[in-house]
Amino acid sequence: MGSCQSQENQELAARNKAIEKQINQDKRAGSSIVKLLLLGAGECGKSTVLKQMQILHSNGFTEEEINEKKSIVYNNVVTSMCTILKAMDNVLHIPLEDGEKEKEKAVVLRVQENGEESEPLTEEVSKAIQSLW
């Protein structure tokens with residue numbers, strides 16, 4: 001045997017060295033990865049946290065994703081304002097302080113009645129919501 005290695009042993013040693021090098025590279029790359037487990041009941045905000053992390057630490061949203069989310073935002077704004085207005089009337093029995101606000105209220109409620117909540121807000125609707133708020 002002596003101090004010489006066979007060709008097969010040299011190949012195995014080189015292969016082992018390559019594998020060890022790859023393992024070390026993977027360890028270094030993996031040390032910057034953080035895994036996060038989000039637990040909670042449905043509708044508690046897990047996906048919202050994930051989306052916020054994407055916005056803050058990634059490249060944000062693509063143009064397609066932005067356009068997709070716009071209708072959701074429009075819907076949420078109109079639906080929330082309509083819910084508040086209806087609750088003021090039917091549940092809380094709180095009248096609007098200014099009689100002029102009745103026009104704005106009608107504008108916003110009409111959007112929901114026409115099923116246009118997900119459409120881009122017109123200037124009239126936008127001003128009505130802003131005035132009511």
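What the table shows:
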| quantity | calculated |
| --- | --- |
| Flag for Ser131 being more than 30 Å from Val34 (Cα to Cα), in contact (Cβ under 8 Å) with a residue 40 or more places away in the chain and either in contact with a helix residue (DSSP H, G or I) (Cβ under 9 Å, 6 or more places away or on another chain) or among the aromatic types (Phe, Trp, Tyr) (or both) | no |
| Residues of segment 97-133 satisfying the condition of being in a loop (DSSP other than H, G, I, E, B) and either surrounded by 12 or more Cβ atoms within 10 Å (Cβ to Cβ) or within 26 Å of the chain's Cα centre (by Cα) (or both) | Gly115, Glu116, Glu117, Ser118, Glu119, Pro120, Leu121, Thr122, Trp133 |
| Which numbered condition Glu43 misses (of (1) over 18 Å from the mean Cα position of the chain (by Cα); (2) exposed (fewer than 12 other Cβ atoms within 10 Å of the Cβ)) | (1) |
| Residues of segment 40-56 that turn out to be charged (D, E, K, R) and over 14 Å from Lys69 (Cβ atoms), as a count | 2 |
| Elements of type helices (runs of 4 or more DSSP H) in segment 6-90, at least 2 residues being in contact (Cβ under 8 Å) with a residue 24 or more places away in the chain | 63-90 |
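Read-outs: derived from the displayed coordinates by stated rules, not from any lab. In this text, all values refer to a predicted model and were calculated from it rather than measured experimentally. Quick reminder, even Gly has a Cβ in these numbers, built from the backbone with ideal geometry, and neighbours come from all protein chains shown.
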